[in-house]
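Heads up: the structure comes next, in C-alpha cells.
The values are calculated or read from the model by the stated rules, or taken from the named source; none is laboratory data. Note that the coordinates shown come from a computational prediction; the quantities given were computed from them, not determined experimentally. For neighbour counting, all protein chains shown are included, and Cβ atoms are generated from backbone atoms with ideal geometry for every residue, glycine included. These area figures cover heavy atoms from the full protein model, side chains too; ligands, DNA and RNA do not enter into them. Shrake-Rupley method; radii C 1.70, N 1.55, O 1.52, S 1.80 Å.
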Amino acid sequence: MSLSSLPNLPVQPSRLQADLDALQVITDPDLPYTRPAFSDLDIQGRKWLKAQMENAGLEVHVDTAANLIGRRKGLSSKHPVIMMGSHIDTVRSGGRFDGIIGVLGALEVIRTLNDVGWTTQHDIEVVNFTCEEPNAFSISPLGSKLMSGAVTAEQVRRAELADGTTLSSLIDRLGGDHQNLEDVLRGTQDIHGYLELHIEQGPVLERKQIPLGVVTAIAAPLRATVTLSGVADHSGATMMNERYDALCAAAEVVLAVERLCGNPEITDTVGTIGHIEVSPNMVNIIPGLVELRVDIRSTKQEFLDKLQGEFEAEVTRIAHRRSIEHDLSWTSIEEPVPIPNKMQQLVMEACQDLGYPFEHLPSRAAHDASRISDISPVGMIFVPCKDGKSHTPEEWANIDDIARGTEVLGRSLLKLDAELV
Ligand SMILES: [Zn+2]
C-alpha cells in the first residue's frame with residue numbers, strides 16, 4: 001500500500017473535549033483531580049470508558065490484570081496487533097491530562113477510522129493499563145509490567161500490605177482474575193507496535209512554542225533508601241565536638257546528590273532527595289537517626305551506573321568522617337528505554353505529513369511505554385503542558401495541542417499499519 005493513499009483522519013477537538021470534561025468530574029470532589037487506581041472512582045471512570053469504547057464499536061474485554069482493552073478488527077487477525085494506550089488513574093491531587101489523553105486520543109483515532117470507513121490490516125487495541133501510578137505495594141506501572149513480564153504473576157500474588165490488603169484482591173475488584181495473571185503475558189510476536197500520546201510533563205515544548213515532541217528515550221529511576229545512625233543526645237549539654245548528628249550528615253548527603261547530578265559532564269540526568277525522616281525530631285535533641293530516599297533519573301545507562309557508584313562512595317565518606325553508621329539499599333534499579341529509531345522516524349514523518357513543527361526530546365518521567373518496550377517497538381508523542389506542570393491540579397494542556405497530538409497518533413498508526421511483519 002502506498003503511503004500517499006492513507007486517509008486523513010478527521011480528529012474532532014469537540015469530541016476530545018467532551019470526553020475530557022466527562023472524565024474530569026469523576027474525581028474526589030474535595031481533592032480534584034483524584035482518581036486513584038482500584039478506588040470506586042477508578043471503577044466509575046473505567047465503566048464510563050468502557051461505554052465510550054463500545055460506542056466507538058470496539059470489542060471490549062478486561063484481561064486478568066484488569067487492563068481494559070478495546071479491539072477493532074483489521075483485515076486479518078493473523079497479524080500481531082497494533083496497540084495504543086496509557087492510563088486513566090491519577091495520583092492524589094493529580095491532573096486531568098497525564099495518561100488520560102493517551103487513552104482518549106486513542107479512542108478518538110478509532111472514531112476517525114470509523115468516520116472515514118478505513119479498515120486497518122492489523123487488529124488495533126486501545127488499552128487503559130491498570131494502575132500506572134505508584135501504589136502502596138511498590139509495583140507500578142502494574143498492568144503494563146504484568147503484560148510484559150517485568151513483574152511475575154507470583155510476585156503480584158504475594159504482594160500484601162500490613163493491614164492484610166492484597167494486590168490480588170484489588171485486581172479482582174477491577175474485574176481482573178489474580179489466579180490467572182499469567183494469561184496477560186504477551187510476547188514479541190504479539191504486538192507489531194505500541195504508540196502512546198502523553199503530555200510532556202516538562203517545560204521544553206511550551207518554552208520553544210513547538211506543538212509536538214518526538215520522544216527519543218524514556219528516563220529510568222534509580223532509587224535508594226539511606227539510613228544514617230548517629231547518637232541522639234541533649235542539645236544543650238552536648239558540646240559541638242562531641243556530637244554524632246545524623247541530620248548534619250544527611251544535609252551533606254542531600255547536597256552531594258545536587259553536586260553529583262549537577263556535574264556538567266552528566267547530561268539528561270536529575271537527582272532528588274524528596275523524602276526525609278528525622279528521629280526523634282525534637283527541638284532539644286540532637287537527631288540520632290535519619291532516613292533519606294533518593295531518586296536519580298537519567299536517559300543514559302552509563303550515567304546511572306556512574307552515579308550509583310559515586311553516590312555510594314560519597315555516603316560512605318560522609319559517614320566515616322562523622323563517625324556515624326550508615327546503611328544504603330537500592331530499592332529500584334531500572335534501565336532507561338531508548339525509543340527505536342524506526343519508531344522515532346515514524347512519528348517524525350507523521351508530523352511532517354501533517355505539516356506540524358516538532359522537536360526531538362527525551363521523556364523524564366516513566367510511562368506504560370517503558371514496560372511495553374520490553375515486548376514491542378514503542379513510539380511516544382508529546383504535546384506541551386502549561387508551565388511544564390504535572391501531577392498537580394494545575395496540570396493543563398490546550399485542546400488544540402491535544403487534537404494535533406491525536407492527529408499525529410492516528411497518522412503514526414496508519415504508517416505502522418501500512419508495513420506488514
Ligand atoms: Zn502518565
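General observations
- Candidate set from the stretch 138-185 (those that are in a helix (DSSP H, G or I) and among the hydroxyl-bearing types (Ser, Thr, Tyr)); member that is nearest to the chain's Cα centre (by Cα): Ser144
- Counted residues, the stretch 306-336 - those being within 23 Å of Ser138 (Cα to Cα) and in contact with a His (Cβ under 9 Å, 6 or more places away or on another chain): 0
- Note on the stretch 292-335: residues that are in a helix (DSSP H, G or I), open to solvent by less than 20 Å² (accessible area, probe 1.4 Å) and farther than 16 Å from Arg259 by Cα total 1.
- Checking each residue in the stretch 381-410 for being outside any loop (DSSP other than H, G, I, E, B), under 22 Å from Arg15 (Cα atoms) and open to solvent by less than 30 Å² (accessible area, probe 1.4 Å) picks out Ile381, Phe382, Val383, Asp401, Ile402, Ala403, Gly405, Thr406, Val408, Leu409, Gly410.
- Flag set for Pro338, criterion: away from the ligand (no atom under 16 Å from the Cβ), under 20 Å from Gly187 (Cα atoms) and open to solvent by 10 Å² or more (accessible area, probe 1.4 Å).
- Matching residues in the stretch 221-247 - criterion: being assigned to a helix (DSSP H, G or I), open to solvent by 30 Å² or more (accessible area, probe 1.4 Å) and in contact with a Pro (Cβ under 8 Å, 6 or more places away or on another chain): Leu247
- Glu160 vs. criteria more than 16 Å from the ligand (Cβ to nearest atom), among the acidic types (Asp, Glu), open to solvent by 40 Å² or more (accessible area, probe 1.4 Å) and in the same structural domain as Gly45 (by TED's automatic domain parsing): yes
- Residue that is least open to solvent (accessible area, probe 1.4 Å) [pool: residues in the stretch 17-41 that are touching a helix residue (DSSP H, G or I) at 6+ places or on another chain (Cβ under 9 Å), part of a helix (DSSP H, G or I) and not aliphatic (A, V, I, L, M)]: Asp19
- Of the set (1) open to solvent by 20 Å² or more (accessible area, probe 1.4 Å); (2) part of a loop (DSSP other than H, G, I, E, B), all apply to Thr130 but (1).
- All positions within the stretch 39-63 that are within 21 Å of the chain's Cα centre (by Cα) and in contact (Cβ under 8 Å) with a residue 24 or more places away in the chain: Asp42, Ile43, Gly45, Arg46, Leu49, Val62, Asp63
- Restricting attention to the stretch 181-204, the residues that are within 14 Å of the ligand (Cβ to nearest atom) and not small (Gly, Ala, Ser) add up to 6.
- Scanning the stretch 249-282 for residues that are open to solvent by 60 Å² or more (accessible area, probe 1.4 Å) and not basic (Lys, Arg) yields Leu255, Glu258, Pro264, Glu265, Thr267, Val270, Thr272, Gly274, Ile276, Glu277, Asn281, Met282.
- Under the condition of being assigned to a helix (DSSP H, G or I) and within 16 Å of the ligand (Cβ to nearest atom), the residues counted in the stretch 341-372 number 5.
- Criterion (within 16 Å of the ligand (Cβ to nearest atom), on the phi > 0 side of the Ramachandran plot and in the same structural domain as Ala366 (by TED's automatic domain parsing)) met by exactly one of Gly105, Gly99, Gly117, Gly94: Gly99
- Here Asp115 meets each of (1) farther than 29 Å from Leu16 by Cα; (2) over 18 Å from the mean Cα position of the chain (by Cα); (3) surrounded by fewer than 17 Cβ atoms within 10 Å (Cβ to Cβ); (4) of a type outside the set (A, V, I, L, M, F, W, C) with one exception, condition (1).
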